[in-house]
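To start, the structure itself, in structure tokens.
The values are calculated or read from the model by the stated rules, or taken from the named source; none is laboratory data. Quick caveat: nothing in here was measured; it's all calculated off a predicted structure. With ideal geometry, Cβ positions are generated from the backbone for all residues, glycine too; neighbour counts draw on all protein chains shown.
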Amino acid sequence: MSPTLTAEVLEDSIAVSLACVIAVANRRARQLGIDVHQSLITITQYFPDGGVLWRINYGPKDYIGRRGGDLIIEVDPSDVSIKRVLWGQ
């Protein structure tokens, strides 16, 4: 069952933008073989060249003692397009 989004949530432009961004990033991550539900997901907003991008990082939940292998997907929230896909080493 899906949670119902309240008017307050739908009026929050950052929340709605981030929901669209994470949906697009999750779809690409699944296409690349990532088990999204078994990933530790971190989200960072940054501002390259005056623009805005969200960086979604998918790493293992059991990261202690492990290095690399993360998937990073950068998404432009203005048109919800994927700008870069990076694999950690």
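So, residue 53, is that one within 15 Å of residue 75 (Cβ to Cβ) and in contact (Cβ under 8 Å) with a residue 40 or more places away in the chain or not? Walk me through how you get there before you give the answer.
On the way: within 15 Å of residue 75 (Cβ to Cβ): yes; in contact (Cβ under 8 Å) with a residue 40 or more places away in the chain: no.
In short, no.
Restricting the search to region 36-57, which residues are part of a loop (DSSP other than H, G, I, E, B) and either exposed (fewer than 11 other Cβ atoms within 10 Å of the Cβ) or of a type in the set (Gly, Ala, Ser) (or both)?
47, 51
Looking at (1) of a type in the set (A, V, I, L, M, F, W, C); (2) surrounded by fewer than 17 Cβ atoms within 10 Å (Cβ to Cβ); (3) over 25 Å from residue 3 (Cα atoms), find the lone condition where residue 23 falls short.
That leaves (3) as the condition not met.
On the basis of being within 15 Å of residue 76 (Cβ to Cβ) and modelled with pLDDT under 95, does residue 17 make the cut?
For residue 17, the condition - within 15 Å of residue 76 (Cβ to Cβ) and modelled with pLDDT under 95 - is met.
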